[in-house]
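Worksheet for the structure shown next.
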Amino acid sequence: MSMDVVEAYIVQYGYIVIFIALFFGIVGIPAPEESFLFLIGMMAASSQLHVATSSLAAVAGAGTGMVIAYLAGRFFGMALIRKFGKYIGLTEEKVAVFQGKFRKRAVWTVFLGFFLPGLRQASPYIAGMMKMEGKQFILISIIGAITWVGFYFGLGILSATYLPIKAEYVPFIGLALILILLIQLIRTAYKKKRNGGAST
């Protein structure tokens, strides 16, 4: 579906389209959410959408999707993965790998997962299956959703106002941001380890 068609749907049906698109993008139906957020940011910049209402609808859709996926993982667990995992690229083997990594970095996995397609869909299910504390999960999900939506929504506004950016390049900008962050975290961890080793 082209962005022109998506824009027509938004114009016709309003903010509910934003909520539904972000909700289903989280629970597992593949969709170019970054490009979608970029588009609604551009529409807001051109006064086709209200900035506060559209961003709130996006955060609400993503947040609700996270909670529903978390509850599904918590109450249905592996049975849900066996039945429906193939439709979103989740196999039992992948789940086992995710679980091993999730135990070590649960908070960062949920937060940074918003910026990584695939992990964005998998992390709430895994969080539920691993019985991550509910209040903590909701808090991190809200912070992550606001950050993720704000980044691409703001990028859309910036592009419409100052810097023309092609929509097809938008997902790679977020990936580049995550890569830079991960490199910095690795460098910091390495320096701490080296300094600790030197002092012993």
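The values are calculated or read from the model by the stated rules, or taken from the named source; none is laboratory data. This one's a predicted model, so the numbers in the text were calculated from it and none came from an experiment. So basically every Cβ, Gly included, is an ideal-geometry build from the backbone, and we count neighbours across all protein chains shown. Remember, those area values only see protein heavy atoms, side chains included, never the ligands or the DNA or RNA. Shrake-Rupley method; radii C 1.70, N 1.55, O 1.52, S 1.80 Å.
Structure summary
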{"read-out": "Selected residue [open to solvent by 10 Å² or more (accessible area, probe 1.4 Å) and either modelled with pLDDT under 85 or out of contact with any strand residue (DSSP E or B) (no Cβ under 6 Å at 6 or more places or on another chain) (or both)] from LEU37, LEU49", "value": "LEU49"}
{"read-out": "Top-ranked residue in the range 137-166 [being over 14 Å from the mean Cα position of the chain (by Cα) and open to solvent by 80 Å² or more (accessible area, probe 1.4 Å); ranked as modelled with the highest pLDDT]", "value": "LEU139"}
{"read-out": "Candidates ALA72, ALA21, ALA31, filtered to the one that is under 17 Å from the mean Cα position of the chain (by Cα), under 30 Å from LYS131 (Cα atoms) and modelled with pLDDT of 85 or more", "value": "ALA21"}
{"read-out": "Single residue of the range 113-126 satisfying the filter (in contact (Cβ under 8 Å) with a residue 24 or more places away in the chain and surrounded by fewer than 20 Cβ atoms within 10 Å (Cβ to Cβ)) that is farthest from PHE24 (Cα to Cα)", "value": "LEU116"}
{"read-out": "Filter result for THR109 (among the polar types (S, T, N, Q) and closer than 21 Å to TYR15 by Cα)", "value": "no"}
{"read-out": "Yes/no for ALA57 being at pLDDT 85 or above and either open to solvent by less than 40 Å² (accessible area, probe 1.4 Å) or closer than 27 Å to LEU158 by Cβ (or both)", "value": "yes"}
{"read-out": "Pair list, Cβ under 7 Å, 6 or more apart: the range 53-67 residue more than 16 Å from PHE115 (Cβ to Cβ), other residue among the aliphatic types (A, V, I, L, M) and surrounded by fewer than 23 Cβ atoms within 10 Å (Cβ to Cβ)", "value": "SER54/ALA44; GLY61/ILE20; VAL67/ILE138"}
{"read-out": "Filter result for ARG82 (assigned to a helix (DSSP H, G or I), charged (D, E, K, R) and more than 21 Å from PHE137 (Cα to Cα))", "value": "yes"}
